[in-house]
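These notes are about the structure you will find just below.
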Amino acid sequence: MVVMVMDGQGGGIGAAIIKALRKDIGNDLRVLGLGTNAIATSCMMRAGANRGATGENAIVRTCPRVDFILGPIAIIICDSMMGEVTANMCEAVCSCEAKKILIPLTQENVEIVGVTGEPLPHMVDQVVKKLIQEMG
């Protein structure tokens, strides 16, 4: 199994996801940290990603090669994260066959109804539990 964690700006959400994956699943899982910028990638690498890459081309090329994509919902919103998420990135994430498990946090002008406003650590735990369930 290969899991891609995608994040941008400071990479804090991606880092939190990777730390939780390492804590609950361990080092047997191959985790790729894909950042929309170098700071986000660096943060995810320090959190325990096996490999990391930065930018549009890396994200577009990696999406079809992974089994799962984890990250904030902003990774499927064009021009989100202050413009860091490009249309090509969105298309790559949305159109690939990988199962997407997303955290409903966004600074964009988007509200998702029916979602409780739980703290980030609780949502990260839910992401990891869902991944474990999906992996069988």
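Some notes on this structure:
- Where helices (runs of 4 or more DSSP H) fall wholly inside the stretch 73-136, the ranges with 3 or more residues that are surrounded by 14 or more Cβ atoms within 10 Å (Cβ to Cβ) and touching a helix residue (DSSP H, G or I) at 6+ places or on another chain (Cβ under 8 Å) are 87-95, 120-135.
- Of all residues in the stretch 103-121, none satisfies being more than 15 Å from the chain's Cα centre (by Cα), over 23 Å from Leu29 (Cβ atoms) and modelled with pLDDT of 95 or more.
- Selection within the stretch 48-90 - in contact with a strand residue (DSSP E or B) (Cβ under 9 Å, 6 or more places away or on another chain), polar (S, T, N, Q) and farther than 26 Å from Ile132 by Cα: Thr54, Ser80
- Of residues in the stretch 1-32 being among the aliphatic types (A, V, I, L, M), buried (at least 24 other Cβ atoms within 10 Å of the Cβ) and touching a residue at least 40 places away in the same chain (Cβ under 8 Å), the one nearest to Glu56 (Cα to Cα): Met6
- Under the condition of being charged (D, E, K, R) and within 13 Å of the chain's Cα centre (by Cα), the residues counted in the stretch 69-102 number 2.
- A residue that is assigned to a helix (DSSP H, G or I) and either over 19 Å from Asp125 (Cα atoms) or basic (Lys, Arg) (or both) can be found somewhere in the stretch 22-37.
- Tally of residues being surrounded by fewer than 22 Cβ atoms within 10 Å (Cβ to Cβ) and under 18 Å from Val2 (Cα atoms) across the stretch 48-62: 9
The values are calculated or read from the model by the stated rules, or taken from the named source; none is laboratory data. Keep in mind that this is a model prediction, so the values were computed, not measured. Every residue, glycine as well, gets a Cβ built from its backbone with ideal geometry; the counts of neighbours run over all protein chains shown.
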